[in-house]
Amino acid sequence: AEEMISFFGESVSRGLLSPQVTTWMQTAFCTSLGYGGVATVESKTQARTPSVPASLPRCMSSASVRVRDEGRMLCGAGPHVQSNVKLALLRGILWAVHRRPVDPPAGGRVFSGIQPTGVPHLGNYLGALETWVSLQDRYPSVLYSIVDLHSITQPQDPAQLRLNILDMAACLLACGIDPQRSILFQQSQVSEHAELSWILSCLTTMPRLRHLPQWKMKSKQKGEGSVGLFTYPVLQAADILLYRSTHVPVGEDQVQHLELAQDVARIFNNRYGDLFPEPRPLLSATRKVKSLRDPTAKMSKSDPHAMATIHLSDSPDDIMVKIRRAVTDFTSEVTYDPAARPGVSNLVSLHAAVAMVTVEEALAQARGLDTGAYKLLVADAVVTRLRPIREEMERLRADRGHLEVVLAKGSQRARELAAPVLMEVRRRVGFS
């Protein structure tokens, strides 16, 4: 009961309910479950309908019946009553208050996700996570998801996946994602993602998915590939549209998948009426960080060569070794020419990005240095930039309980946004 009272208080502070309505809902819900007061929590076999003030809106009057019904379902649930009260309460509140999904804030809503398939590398940080952090100050509503449903398109060890999810949460927090300014959550804990994905998949043709570059590339690598791998762009579209997102930070290789989300939004809106905004891309201005062993390919977590990728968790010694062994060429002068000198140019781009200077300024700092000495300069800049992130990651990893609480709270906040949207989708499709 104390948790329930606290939950009502949160509803007022977040503007979900007015104090008057909250007081009534609190009393109605306690009465419908047969609670005598906040100090005593017992399961009862009888429930009665609370009286409804005449001044309350009609939908709140209807809500009393829904709340009463939820209460009756819980009666006799024994030790599970307390844990189920909040779920039933949330259902009642969402049903009563969010009969229609709330529009995104006037300034827009940002959504993006990252797979928990290992510690992010330097390219992930410079190309995506750094942008994620800055977007928290530029948009009024920002959601970042650890997309574990996407990760199982490739075989995953369950125990390792659980660890990877928490590691990713630690990494995002260490990079600067702030749960007070954004919603950080675990995708699989918000079941609306999967249900909307199925509905949208029924509006998407196989030829449309077959032409996407990720399917072409990964199916060649893996042979046939799974159905999940084939349809995961639809799940991506559902991830975005479920929150009626207006902006999505993407890399150049993800633009076509965002175009699919735009197409699916148009198809749904044309068939069932306007509901989803067409999300717009937010492209990163940072140049792609290339592999240290093959500067013609981008840096990747799945690269089999241990020296090719700098991870955010790498020690200073590891970073020094990897950059010293980075592929360059036989010319000692440091210049920037990605076509003719991709290895050295990759180091210059990397230096400019981590030192937050222009390429021209990075070249000025390299003047008079050969490539061997320049590698030490670049390595020192990378170590300096990543040290606070690595240290904060280590601190957060040691407190699994804190990470689990952060993700649980984020998932609850995400559900508060997702549930009314899916409810409206179900109504328009004809399910309810």
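Could you state how much accessible area Y232 has, in square angstrom rounded to the nearest 10, with a 1.4 Å probe and all protein chains kept in place?
Roll a 1.4 Å probe over it and Y232 shows about 20 Å².
Within the P(r) computed for region 261-360, what percentage of the Cα pairs occupies the region above 18 Å?
Counting every Cα pair in region 261-360, those more than 18 Å apart make up 59 percent.
Can you pull the percent of region 110-249's accessible area that's carbon plus sulfur, 1.4 Å probe, other chains left in place?
Exposed carbon and sulfur together represent 56 percent of the surface.
Of the heavy-atom accessible surface of region 302-429 (probe 1.4 angstrom), what whole percent is carbon and sulfur? Present the calculation step by step, with values, prior to reporting the outcome.
On the way: 3310 of 6230 Å².
The C+S portion of the solvent-accessible surface of region 302-429 is 53 percent.
Arrange the residues H211, H402 by how much accessible surface each exposes, largest first, with a 1.4 angstrom probe.
Most to least solvent-accessible, the answer reads H211, H402.
Could you order R341, R266 so the one with the most accessible surface comes first? Probe is 1.4 Å.
The ranking, largest first, comes out as R266, R341.
Consider just the alpha-carbon atoms of region 125-254 and return their Rg together with their Dmax, both in angstrom.
Expressed in Å, the Cα Rg and Dmax of region 125-254 come to 15.5, 44.
Measuring from a point 7 Å past the Cα of A398 along Cα-to-C-beta, which residues in region 144-166 have an amide N at less than 19 Å?
166
When the chain is fully extended, how far beyond the present Cα-Cα distance does V357 get from A285, taking 0.36 nm per residue of separation?
Between V357 and A285, full extension yields 24.6 nm more.
With +1 assigned to the C-beta of every Lys and Arg and -1 to the C-beta of every Asp and Glu, and no other charges, what is the dipole magnitude of region 332-419 about the Cα centre in debye, to the nearest 20?
Dipole about the Cα centre, nearest 20: 420 debye.
Using only the Cα atoms of region 347-432, what are the Rg and Dmax in Å?
In order Rg, Dmax, the Cα atoms of region 347-432 give 23.6, 72 Å.
Near the amide H of R280, under 5 Å away, which other amide H atoms are found, from residues 5 or more places off or on another chain, if H is placed in the peptide plane?
H247, V248
The values are calculated or read from the model by the stated rules, or taken from the named source; none is laboratory data. All of these numbers come straight from a predicted model, not from anything done at the bench. So basically every Cβ, Gly included, is an ideal-geometry build from the backbone, and we count neighbours across all protein chains shown. Ligands, DNA and RNA are excluded from the accessible area calculation, which covers all protein heavy atoms including side chains. Shrake-Rupley method; radii C 1.70, N 1.55, O 1.52, S 1.80 Å.
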